[in-house]
1. Please report, largest first and rounded to whole Å, the three semi-axes of the ellipsoid equivalent to segment 1-157, where each semi-axis is the square root of five times an eigenvalue of the C-alpha gyration tensor.
2. So what are the ³J(HN,Hα) numbers for segment 125-135, from phi and the Karplus equation (6.51, -1.76, 1.60; θ = phi - 60°), rounded to whole Hz, Gly and Pro as x?
3. Express in nm, to one decimal, how much length is gained between Trp108 and Lys161 on full extension, taking 0.36 nm for each residue of separation and deducting their alpha carbon distance.
4. Based on the Cβ-Cβ distance from Glu254 to Arg26, what FRET efficiency comes out when R0 is 25 Å, to the nearest 0.05?
5. Run the reach check for Lys252 against lysines, Cα to Cα strictly under 30 Å, same-chain hits fewer than 8 apart removed. What comes back?
6. Quick one: which of 194-200, 43-49, 102-108 comes out on top by average Cβ neighbours within 10 Å, and what's the full order, highest first?
7. Please give the net charge around Pro234, taking every other residue with its beta carbon less than 14 angstrom from that of Pro234, where Lys and Arg add +1 and Asp and Glu add -1.
8. In whole percent, what relative contact order does segment 53-163 give with Cα contacts below 8 Å and a gap of six or more residues?
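Every read-out reported here was derived from the displayed coordinates using simple, explicitly stated rules and does not represent laboratory data. Bear in mind that the values here come from a model prediction, so they are computed numbers and not experimental data. Cβ placement follows ideal geometry from the backbone for every residue including glycine, while neighbour counts extend to all protein chains displayed.
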Amino acid sequence: MEILIRPTTAQVATLAADILSEYVKRGATLGLATGSSPVETYKELIRRHREEGLSFAQCRAFLLDEYVDLPREHPQSYYSFIRNEFTSHVDIPDNLVCSPDGTSHKPWEAAEAYERSIVEAGGVDVQILGVGTNGHIGFNEPSSSLSSVTRIKTLHPQTVKDNARFFDSAEEVPQHVLTQGLGTIARAGHLLLLATGEGKANAVKALVEGPVSASCPGSILQWHRHATVIVDEPAASKLENKVYYRYTDEHKPEWQLH
Ligand code: F6R
């Protein structure tokens, strides 16, 4: 894994946008996360689109997850969130921004159909990820099968609590979601995980330096052939090998530089 530590949230976003821009220029299939972690990166990509002509016209996108039974037009549905925060501000074709159908009366079938659609599109080239305070990626909560595919999951009470900030109260947070599985996520060509703030320090420590375990779903990045973790100083504060990560970051061979 590449562990890249930057002093500020803004620098995390700039670096993530640098990496993603290279994929965008190639017309890649982007894997998009919602939640607060990638929002600054999305803002920087929107800025590059407006001011520097970065075009998403040849790209398509798949979201990681969606709440079950939340209408699409609800501002906190991930269908709406990604459009409001990112995709409606760039030139990616809207019909190619795909997400699981959380409103389906047959969520299991919707999950299977979503998994199939990712495979039929040729897979995701670069997958943006955030991490939950409990180590989840997507909504693969602790104990998720390491080779799971898109399916319906019950949110962990900690996740409901964490996500209550987006709703008027914790009672309004849906209890169920459709999420890409850990096996689905692992098939993406490049995993790019972003984490900022002290609240993520334990999760970052567990996923980078802990054992690969269903207790910390984010630890599957350790198995992946191309995983990049970009964190700010507070999120990196519990990492033991920080000195080495900084050293490798500064001494990258030329071919590794984007
Ligand atoms: C969102 C997602 C989640 C979030 C995670 C972190 O699509 O899949 O795994 O990335 O819960 O959320 P934030 O970024 O809001 O701290």
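1. Values: eigenvalues 127, 72, 46 Å².
Its equivalent ellipsoid spans semi-axes of 25, 19, 15 Å.
2. 7, 9, 10, 7, 9, x, 9, x, 4, 9, x
3. Values: separation 53, 0.36 × 53 = 19.08 nm, distance 2.54 nm.
Full extension of this stretch gives 16.5 nm more.
4. 0.80
5. Cα-Cα hits under 30 Å: Lys25, Lys43, Lys200, Lys205, Lys238, Lys242.
6. On the way: 194-200: 20.1, 43-49: 18.0, 102-108: 15.1.
Going by the mean number of other Cβ atoms within 10 Å, highest first, we get 194-200, 43-49, 102-108.
7. Net charge around Pro234: +2.
8. 23
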